[in-house]
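Take a look at the structure below.
Read-outs throughout are calculated quantities, based only on the coordinates presented, and are distinct from any laboratory measurement. The structure displayed is predicted, hence computed values, not measured ones. Positions of Cβ are generated from backbone atoms using ideal geometry, with glycine treated the same way; all protein chains shown enter the neighbour counts.
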Amino acid sequence: MSDIINLTAKEIHSGILSKKFKATEVMQSFLDQISAKDKELNSFISLNDKAMEQAQKVDDKVSSGKNIGALGGVPVAIKDMLCTKDLKTTAGSKMLENFIPPYSATVVNKLEASGAIIIGKCNQDEFAMGSSNETSYFGACKNPWDTEYVPGGSSGGSAVAVAARMAPISIGTDTGGSIRQPASFCGVVGIKPTYGRVSRYGIVAFASSLDQAGPFSRTIEDSTLVLESICGHDEFDSTTSSKEVLPWSTKLNDKVEKIKVGLPKEYFEGGLDEDVKKSIDIAKDALKEMGCEFVEVSIPHTKYSVPIYYIIATSEASSNLARYDGVRFGYRANFDDKPAADLIDFYCRNRGEGFGTEVKRRISLGTFTLSSGYYDAYYKKACQVRSLLKQDFEKSFKDCDIILSPVTTTPAFKIGDRISDPITMYKNDIFTTSTNLAGLPGLSLPVTLSKDKLPIGVQLTASAFNESKLLQVAHQMEQLISFKEKPANV
Ligand code: GLN
């Protein structure tokens, strides 16, 4: 039974179909693993108390020969940024501590339509603002490889759930690296699709021009199956593309020929951390074996990606988070003993008590960069540089098919090490934010362990809507690299 938790989503699905085991047995195995491990890891904020009932329905369908869908019976863990009907959705914040959405995000509806069963809602940095999960109102989530270390963020809980075999697949959101960075820190696959591939409807908005949801899993194939389920046009999100979602999972083994892999020279200037360098070398060896050719490319605006990201993301956040005023949305302070002096006092107490420090810092920054007198100098300028960065990528993709880079500058860091130093924390996002700013698809593929026995992934980025090449190259690299390590206590 305990073997079930080590199976991939694909194996679980076919095991249920072939009646090797039942969907209820699968669900119970993962729930048992959560009971055993999650007290320490803290990767779930809440569990779905209907999960077993829903698994039973899948079993009934199997017995009566009905179609169970491409992910039928597969448990999926969902980041608490995605609305789930009748199931608490907190965004990791006191502000939404008791919020029960009346509807589900399109991603959630699509997963359920494919037969997947929500096992629970995952811990995350508050409103997805952070790189370590330490800003969550529900406490830090821990890295299963070594619980003194952060799992990364903001989708840390979703990465940990998969790494610690508490779910075979999970969903995160990525605004500036929040899927790829925790995937790298936890030794799992994490994919951020092209902006517009996945509907943002029903996902708590952080920075709407950057936010994108995507999968975590232990194999590229499993993440591909999830992408096939969640991608596609949605009438409820006008930024979704109507580009066709291809059956990517059936093409993963098609031979990739004459692939040119770009290495942006700016990413490698000044040298890399020894462990990160090792991960890049391993990736290069695999790509060489696949017959790929390496070319140097240039992304000259790389040095601006962190500053412009932190201007654009905070500006959009200050606007998106204005709705949490305690009137229609969000936490309301207790005014029984001391009534509000006026409307401003009412807002201030609701927002002052409901938001944590990092969220307040970002709202303040974003309000400043959007304010008259500073808008042109900060927000407008950042948008202009964003266009230049996008052009850098467009030029580079004339010379290559895929870009290989590190995910972060170092492997996971210790809990408490960076939380009081926001600049150091933000700098960690140098290799991931540019992908979001340019709207490109990117992923993190686990490659090796560091000298401290922590996992490290490498990042692959493709041109917009070129998921098919990205997934093929990553899948074939994965077969060659064959990263099979797992956390010791799992
Ligand atoms: N670490 C980045 C930030 O704090 C990215 C967050 C994200 O992608 N949601 O903004």
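What do you get for Rg/Rh of the stretch 171-221 when both radii come from the Cα atoms and Rh is the Kirkwood radius? It would help to have the intermediate numbers written out before the result.
Working: Rg = 10.7 Å, Rh = 11.1 Å.
Rg divided by Rh gives 0.96.
Would you mind checking the radius of gyration and Dmax of the stretch 243-343 based on alpha-carbon positions, in Å?
Reported Rg and Dmax, both Å: 24.7, 72.
Reachable lysines from Lys22, Cα under 25 Å, same-chain residues fewer than 8 places away excluded?
Correct list for Lys22: Lys10, Lys37, Lys50, Lys57, Lys61, Lys66, Lys110, Lys121.
Using the Cα centre as the reference, give the magnitude of the dipole from point charges on the C-beta atoms of the stretch 420-490 (Lys, Arg: +1; Asp, Glu: -1; all else neutral), rounded to the nearest 20 debye. Working shown, then result.
On the way: 6 positive and 6 negative charges, 37 e Å.
That gives a dipole near 180 debye.
Among Asn253, Ile280, Tyr267, which residue has its Cα positioned farthest towards the positive end of the charge dipole of the stretch 242-296, with +1 placed on the Cβ of Lys and Arg, -1 on the Cβ of Asp and Glu, and the dipole taken about the Cα centre?
With unit charges placed on the Cβ atoms, the residue in question is Asn253.
Just going by the charge dipole of the chain, with Lys and Arg at +1 and Asp and Glu at -1 on Cβ, which of Ala167, Pro339, Leu389 is farthest out on the positive end?
Most positive-ward Cα: Leu389.
Filter the cross-link list Lys85/Lys142; Lys243/Lys398; Lys395/Lys484 down to pairs whose alpha-carbon distance in this structure exceeds 31 Å.
Details: Lys85/Lys142 28 Å; Lys243/Lys398 21 Å; Lys395/Lys484 36 Å.
Beyond 31 Å: Lys395/Lys484.
Sorted by packing (mean other beta-carbon atoms within 10 Å per residue), highest first, where do 468-475, 146-153, 231-238 land?
On the way: 468-475: 22.2, 146-153: 24.0, 231-238: 15.9.
Ranking, from highest mean packing down: 146-153, 468-475, 231-238.
Using alpha carbons only, how many angstrom separate the centre of the stretch 2-63 from the centre of the stretch 318-334?
36
I'd like the FRET efficiency for Lys260 and Asp285, computed as 1/(1 + (r/R0)^6) with the beta carbon distance as r and R0 of 22 Å, rounded to 0.05. Working shown, then result.
On the way: r = 17 Å, r/R0 = 0.77.
The computed FRET efficiency comes out at 0.85.
Between the alpha-carbon centers of the stretch 124-156 and the stretch 385-456, tell me the distance in whole angstrom.
Here the answer is 17 Å between Cα centres.
Could you sort out which of Lys94/Lys451; Lys39/Lys453; Lys192/Lys303 sit more than 27 Å apart by Cα distance in this structure? Write down the numbers at each step before the final one.
On the way: Lys94/Lys451 38 Å; Lys39/Lys453 23 Å; Lys192/Lys303 22 Å.
From Lys94/Lys451; Lys39/Lys453; Lys192/Lys303, over 27 Å: Lys94/Lys451.
If I take the Cα coordinates of the stretch 230-302 and project them onto the principal axes, what are the three extents in Å, biggest first?
46, 33, 22
Which number comes out as Rg/Rh for the chain once both Rg and the Kirkwood Rh are worked out on C-alpha atoms?
Values: Rg = 21.5 Å, Rh = 22.5 Å.
Rg/Rh for the chain comes to 0.96.
Using a 7 Å offset from the Cα along the Cα-to-Cβ direction at both Phe294 and Asp32, what is the distance between the two label points in nm, to one decimal?
4.7
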